[in-house]
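> One structure, as structure tokens, below. Some questions next.
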Amino acid sequence: MARTIQIVFDANDPARLGDFWIEALGYVLQPPSPDFESWDAWATSMGIPDENWNDAQAIVDPDGNGPRFFIQRVPEGESAKNRVHLDIAVGGGPGTPLDERRSVVDAEVERLTGVGASVAGPVAQRDEYWVVMHDREGNEFCVH
Amino acid sequence: MSLGFQVTFDASDPAGLARFWAKALGYIEQPPPPGHETWEEFARAVGIPEEDWDNLAAIVDPDGDGPRLLFQKVPEGKTAKNRVHLDVNVARRETPEDERHALVERKVAELVAAGAS
């Protein structure tokens, strides 16, 4: 059986970056254990100081398919292009005509721009089309 | 519904890095498209020049659960810590701590043998 993975992001503001990826992928904030109404209630009961409440955020796929994301606070910002990035699949892949894919991808790029991503540029290669984007903290990702 | 995604790694040797991650995660090389016996045959059929054949490698979860991992050749090496990384899960939260330690150590030894440091 294959190992499960989780995706970990370094961030200056885990809650803000987590909220972006929630919007981008249709994920949800990981619910706290049933004994607590909210993560704040959990943190209070654990005696975690207020200033550490935003040290990390976990988000999960509500359908239970995709891996968990763990977003952890680090002091430093992005200094070089990440060598690991996510490719979001919306266009339907090679089975979908290029024109159709392009319009679905462009619509998704517009939606993502609305929730805080920025566009680095489109790439058209052979029968492929994708757009390179940056999330709220400058991490590269692509929409295919 | 949540959106599907793959995780893409920059690499200087996509096939070699793909083999490492396949071993690490229990993934397999993505099978070539239907109608093709091998990726080379596919590449030839669609007219990809031979010098580009090692530009990409993809591995998939044989169980169909985890995301696809794609490895793409880039000219530059790593210059800074990535702000995105993978955590490999070998134990569950409910696994007793001693047992979890042993599982993690065993996996680490296995990964070092496969080329991790």
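Readers should treat all values here as calculations from the given coordinates under stated rules, not as data from a laboratory. These numbers come from a predicted model, not from an experiment. Here the Cβ positions follow ideal geometry from the backbone for every residue, glycine too, while neighbour counts run over all protein chains shown.
> Please say if the stretch A:3-79 is rounded, prolate or oblate, where rounded means a/c under 1.5 for a ≥ b ≥ c the square roots of the C-alpha gyration tensor eigenvalues, and otherwise the choice is prolate for a/b larger than b/c and oblate otherwise?
Working: a/c = 1.92, a/b = 1.09, b/c = 1.76.
The shape class here is oblate.
> While we're on this one: Would you mind listing how long the protein assembly as shown runs along its three principal axes, going by Cα atoms, in whole Å with the largest first?
For the protein assembly as shown, the Cα extents along the three principal axes come out at 63, 45, 35 Å.
> Take the alpha carbon gyration tensor of chain B, find the square roots of its eigenvalues, order them as a ≥ b ≥ c, and report rounded if a/c is under 1.5; if not, report prolate when a/b exceeds b/c, else oblate.
prolate
> Can you give the calculated 222 nm mean residue ellipticity of the protein assembly as shown, where each DSSP H run of n ≥ 4 adds -39,500 (n - 2.57) and the sum is split over every residue, rounded to the nearest 500 deg cm²/dmol?
-8500 deg cm²/dmol
> Tell me the angle of helix B:14-25 to the major Cα principal axis of chain B, expressed in degrees between 0 and 90 and rounded to the nearest ten.
Relative to chain B, helix B:14-25 is tipped by roughly 30 degrees.
> Report the calculated FRET efficiency for A:S103 and B:A116 (r = Cβ-Cβ distance, R0 = 45 Å), to the nearest 0.05.
0.60
> Which value does Rg/Rh take for the stretch B:44-107 over its C-alpha atoms, Rh per Kirkwood?
For the stretch B:44-107, the value is 1.14.
> On to the next question. Roughly how tilted is helix A:98-114, in degrees to the nearest 10 and between 0 and 90, from the longest Cα axis of chain A?
Compared with the principal axis, the helix lies near 30 degrees.
> Label-point separation (nm) for B:D54 and A:E37, each offset 7 Å from Cα along Cα-to-Cβ?
6.1
> Modelling each spin label as a point 7 Å along the Cα-to-Cβ direction, I'd like the A:D127/A:E23 distance in nm, to one decimal.
3.5
> Give, to the nearest whole percent, the P(r) tail of the stretch A:82-144 beyond 16 angstrom, counting all Cα pairs.
That fraction is 40 percent.
> Another question about this same structure. With N denoting the number of residues in chain A, provide Rg(C-alpha) divided by 2.2 N^0.38 Å, to two decimal places. All intermediate terms of the calculation are to be shown ahead of the outcome.
Details: Rg = 17.3 Å, N = 144, 2.2 N^0.38 = 14.5 Å.
Cα-based Rg divided by the globular estimate yields 1.19.
> Summing +1 for each Lys or Arg and -1 for each Asp or Glu, what net charge is found among the other residues whose Cβ lies under 15 Å from the Cβ of A:I48?
Values: positive: A:R73; negative: A:D40, A:D50, A:E51, A:D55.
Result for the neighbourhood of A:I48: -3.
> Would you list A:R126, A:R111, A:R101 from fewest to most Cβ contacts within 10 Å?
Ascending number of Cβ neighbours within 10 Å: A:R126, A:R111, A:R101.
> What FRET efficiency, computed as 1/(1 + (r/R0)^6) with R0 = 30 Å and r the Cβ-Cβ distance, is obtained for A:R3 and A:S79, rounded to the nearest 0.05?
Once the sixth-power term is evaluated, E becomes 0.50.
> Helix A:14-25 sits at what angle to the longest principal axis of chain A, using alpha carbons and giving 0 to 90 degrees rounded to 10?
Approximately 40 degrees, to the nearest ten.
> Measuring from label point to label point, each 7 Å out along Cα→Cβ, what is the B:V104 to B:K78 span in nm?
1.9
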